[in-house]
Amino acid sequence: MKIQFYKYQGTGNDFVMIDNRNNQFPKTDVALINKFCDRRFGVGADGLILLEKSEIVDFKMVYFNADGNESTMCGNGGRCIVAFAKKLKIIDTKTTFEAIDGKHYATITDTIVSLQMKDIKIVENHNTHLFLNTGSPHHVLFSSDIDTIDVKKIGRKIRKGAPYFEEGTNVNFAEKINSNTFKVRTYERGVEDETLSCGTGVTAVAIAASVANKTSENKLHIETLGGNLTVSFTHEKDVYKNVYLTGKATFVFEGFF
């Protein structure tokens, strides 16, 4: 079977995008999805995303990690599927779509996509780190020099360690640059390596920075290896609302596999 695909990237976090509105893609074929994402024997990507029909909103997003398994919400993938939906002329400048963690509202202007993330009600603030779920689980550590950290080695150890074990967590290393700017590096479960950027991860870092009193700002600039993102939010009675992840989402190429 010949499958048409589109490649998109959001600050270096790259995805194979497939229009599955005809529901013909074999999404239970873990090996096929893994091969699509393989950087040596396939197209190469951090994940694969299906755009499907929705009965209640503009479209549905189904996200798979590079290992071939369906996963939780992906922020940069969410921004990329908005750009993909615009390319397919499903939407124009704004949309509401559904993902595994519920409905998401987004706007797009040129290549800039602003995606509304889920409200954050629970943040665990431990002595050494913070833990929260921004659509995906995230362990956040603040450090003074993240450039020297072995993200893959330390991230992998934390990812499957207590209390996360087999289900695992994503691991973020964050460094404060100034009152509204943070640098972030992320180890992603499912990819099992450091990625150039992680949308739910930078969202987690922004909320964690507020909880840990590392900033009093409600609009933070986040520097990742793949580029810059912005996270904005409002804080009301211990709930973080109106959380928006904003940055470029870019079409790279298309082909058949």
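Here are a few things to note about the model shown:
- Considering the stretch 39-71, and only residues there that are touching a residue at least 12 places away in the same chain (Cβ under 8 Å) and of a type in the set (D, E, K, R), the residue that is farthest from Phe84 (Cα to Cα) turns out to be Asp67.
- Residue in the stretch 195-207 that is surrounded by fewer than 20 Cβ atoms within 10 Å (Cβ to Cβ) and within 14 Å of the chain's Cα centre (by Cα) present: yes
- In this structure, Gly168 does not satisfy being assigned to a helix (DSSP H, G or I), under 20 Å from the mean Cα position of the chain (by Cα) and more than 23 Å from Tyr240 (Cβ to Cβ).
- Test: residue in the stretch 135-145 that is over 19 Å from Met73 (Cα atoms) and of a type in the set (A, V, I, L, M, F, W, C): yes
- Candidates are the residues of the stretch 110-142 that are among the β-branched types (Val, Ile, Thr) and under 9 Å from Ala208 (Cα atoms); the one that is surrounded by the most Cβ atoms within 10 Å (Cβ to Cβ) is Val140.
- Considering the stretch 67-101, the residues that are within 13 Å of the chain's Cα centre (by Cα) and part of a loop (DSSP other than H, G, I, E, B) include one that is surrounded by the most Cβ atoms within 10 Å (Cβ to Cβ), namely Cys74.
Where a number appears in this text, it was derived from the coordinates with a stated rule and is not lab data. Fair warning: this is a prediction, and the values are worked out from it, not measured in the lab. Counting neighbours? That spans all protein chains shown, and the Cβs are built from the backbone with ideal geometry, glycine included.
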